[in-house]
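A quick write-up on the structure given underneath.
Readers should treat all values here as calculations from the given coordinates under stated rules, not as data from a laboratory. Being a predicted model, the structure only gives us computed values, none of them experimental. All Cβ positions, glycine included, derive from the backbone under ideal geometry; neighbour counts span all protein chains shown.
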Amino acid sequence: MKLLITFILLNIVNVCLQTANHIITVKGSREAASAFNALTFGVYTVVLVYMGCELPIWVKALTVAGCNFIGVFLVKTIEKKMKLRQGEQP
């Protein structure tokens, strides 16, 4: 159970970072995009190692799919709220 929880948390963090990375790459400075990209791929490497864990493939697939839905939804919600605070149209 601990392995599954770790796998889920790592995937949610990875998806959030990957989604934010795309936003920062488009809207941020070169320095911010470079630094965030390095962080993102560092975390992704850890996720790849966990992909080799002993969980069944269907559990991994469902976990990754669910985490992608949750992570992207969360980051896009935060992005929308930040735009509203800055007075931009969402």
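Scanning region 60-82 for residues that are aliphatic (A, V, I, L, M), closer than 16 Å to Leu3 by Cβ and surrounded by 15 or more Cβ atoms within 10 Å (Cβ to Cβ) turns up just one, Val64.
For first residues located in region 69-90 and within 16 Å of Thr19 (Cα to Cα), partners that are of a type outside the set (Val, Ile, Thr) and in a helix (DSSP H, G or I) and lie 6+ apart or on another chain with Cβ distances below 7 Å form the pairs Gly71/Cys16; Leu74/Cys16; Val75/Cys16; Val75/Ala20.
Considering each residue of region 44-58 in turn, none proves to be out of contact with any strand residue (DSSP E or B) (no Cβ under 8 Å at 6 or more places or on another chain) and over 24 Å from Ile5 (Cα atoms).
Conditions (1) among the hydroxyl-bearing types (Ser, Thr, Tyr); (2) outside any helix (DSSP H, G or I); (3) touching a Leu at 6+ places or on another chain (Cβ under 7 Å); (4) surrounded by fewer than 17 Cβ atoms within 10 Å (Cβ to Cβ), marked per residue:
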position: Leu4; (1), (2), (3), (4): no, no, yes, yes
position: Cys16; (1), (2), (3), (4): no, no, yes, no
position: Ala20; (1), (2), (3), (4): no, no, no, no
position: Asn37; (1), (2), (3), (4): no, no, no, yes
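Total residues in region 22-35 satisfying the condition of being of a type in the set (Val, Ile, Thr) and loosely packed, with under 13 Cβ neighbours inside 10 Å: the figure is 1.
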